[in-house]
1. Once you charge only the Cβ atoms, +1 for Lys and Arg and -1 for Asp and Glu, what is the size of the charge dipole of segment 1-119 about its Cα centre, to the nearest 20 debye?
2. Principal axis extents for segment 1-79, Cα atoms only, whole Å, descending order, please.
3. Considering only 40, 121, 102, whose Cα is most displaced toward the positive end of the charge dipole of the chain, charges sitting on Cβ of Lys, Arg (+1) and Asp, Glu (-1)?
4. Using the Karplus curve 6.51 cos²θ - 1.76 cosθ + 1.60 with θ = phi - 60°, work out ³J(HN,Hα) for each residue of segment 118-125 in order, rounded to whole Hz, and write x for Gly and Pro.
5. With the other protein chains left in place, how much accessible area per residue, in square angstrom, belongs to segment 1-46 at a 1.4 angstrom probe?
6. Peptides 112-125, 87-100: what's the order by average Cβ count within 10 Å, highest mean first?
7. Counting only DSSP beta bridges with both residues in the chain, what percent are antiparallel, rounded to the nearest 5?
8. Could you work out the relative contact order of the chain? I mean the mean sequence separation of Cα pairs under 8 Å and 6+ apart, divided by the number of residues, in percent.
Amino acid sequence: QVQLVESGGGLVQPGGSLRLSCAASGFTLDEYAIGWFRQAPGGEREFVAALRPTNSNGLYADSAKGRFTISRDRAKSTLYLQMNTLKPEDTALYYCAAGRPITSTLHQGRSYYYWGQGTQVTVSS
């Protein structure tokens, strides 16, 4: 019953923008920390951004600061990642996640319980 469904990925040119969505069902998203992670082909999963359950201030990886924005629509039980000024190195499979990590482990993938299936983002000319 617990499910996270991602959408919004695609092919964009460098400097372009995308907004990823992650719809939650089967649990109360408001009670969980939420996050976005990504994995490039042949690479390891890396942290992108996260939000505490009642904290509107996002935590961002250095690579995402100033370009990406994480947000939550509580009424729609949906998580978003707005990505601007995209670079080729942003190319990866992007995953949304939910869990109850302590503050010091918000950036750790192992701290999250639920994961989406991933949506592909490709940045290329």
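The values are calculated or read from the model by the stated rules, or taken from the named source; none is laboratory data. The model shown is predicted, which means the values in this text are computed figures rather than measured ones. Here the Cβ positions follow ideal geometry from the backbone for every residue, glycine too, while neighbour counts run over all protein chains shown. For accessibility, only protein heavy atoms count, side chains too; no ligands or nucleic acids. Shrake-Rupley method; radii C 1.70, N 1.55, O 1.52, S 1.80 Å.
1. Computed about the Cα centre, the dipole is about 180 debye.
2. Largest first, segment 1-79 extends 35, 26, 24 Å along its Cα principal axes.
3. 102
4. My calculation for segment 118-125 gives x, 9, 7, 10, 10, 10, 7, 7 Hz in order.
5. That works out to 53 Å² per residue.
6. For the peptides 112-125, 87-100, the packing ranking is 87-100, 112-125.
7. Counting DSSP beta bridges with both partners in the chain, the antiparallel share is about 90 percent.
8. 35 percent
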